[in-house]
Amino acid sequence: MSAPPDLETEATQEPEVTSPPLVARILTGVLVLQLGLGGLLVLGDVQIGAFPGFGPEAPPLSDPVRPGDQRRVFRPDRDRPGTQPARPPGDIPARLTLDQIEGTTYRLEGEIAPGDAARMIERLASLTPAAERLVLQSPGGVVQEALALGRHIREAGLTTQMLAGEFCYSACPYVLAAGATRDIDDTAQVGVHQHYFGESTILPAAFAVEDIQTGQGEVVGYLVEMGIDLRVMQHALTTPPDEIYVLLPEELRDYGFIADTN
């Protein structure tokens, strides 16, 4: 016996497709947004939430700088500034080294690696004769290490110096700023940019933002301690990590890195 026509028709109809509930759609959207943020952080190779520049690439580090043209690609392992250093540059050590130049003048050189602040503070305490002047050259490194070492340098009343044609980039200017007096040759290069803070590049992105804010707050407080004009941060915060903003001698004077003798 066949089913009544109306029941047979109902049995063969396709089930009606309903849209997902509103809550499910919202949760899906949030998940997609989080995944997108995470992807941007990873693609940007960002440890602090600062992204490389997406505009035209800056000139190479070897190109001379001039007023208004001071941003350069920052690849210090592949490129050196187009300056004439006072001595053959050689290879930059992978972490800070401290060697006597003459008398109470020592050279502090190399990348600023984890643990370098404590190691250099201990080394400075053991020197005979004691250091009075530190000649710097560094492509930068770990900001927190630079700040800790810088505070010790200021407390010890040491002079920081840069020789002709040499460079101090990224976190290095914080060590330079620590000198009770600072002697910077006009042909030396001091460069700033955005920094890496924290360790995680994965979600949630809010943690990366928190690292940025905390780290920048520490840097601002440090610069105030050292008597450096905070206008220098405008250049640092607007220059992505894969570029460097080279400060001109007049900017170094304006921002307090060099004492104005006029």
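The values are calculated or read from the model by the stated rules, or taken from the named source; none is laboratory data. Not measured: the values here are computed from a predicted model. Note: ideal-geometry Cβ built from the backbone for every residue, glycine included; neighbour counts use all protein chains shown.
Points worth noting:
- The lone exception for A94 - which of (1) buried (at least 19 other Cβ atoms within 10 Å of the Cβ); (2) without any contact (Cβ under 8 Å) to a residue 60 or more places away in the chain it fails: (1)
- Any hit, segment 177-199, residues being over 18 Å from P249 (Cβ atoms), at pLDDT below 95, acidic (D, E) and surrounded by fewer than 21 Cβ atoms within 10 Å (Cβ to Cβ): yes
- From A94, A118, residue being within 21 Å of the chain's Cα centre (by Cα) and closer than 21 Å to L158 by Cα: A118
- Of all residues in segment 236-262 being part of a helix (DSSP H, G or I) and either free of Cβ contacts under 8 Å to residues at least 12 places away in the same chain or touching a Leu at 6+ places or on another chain (Cβ under 7 Å) (or both), the one that is surrounded by the most Cβ atoms within 10 Å (Cβ to Cβ): R253
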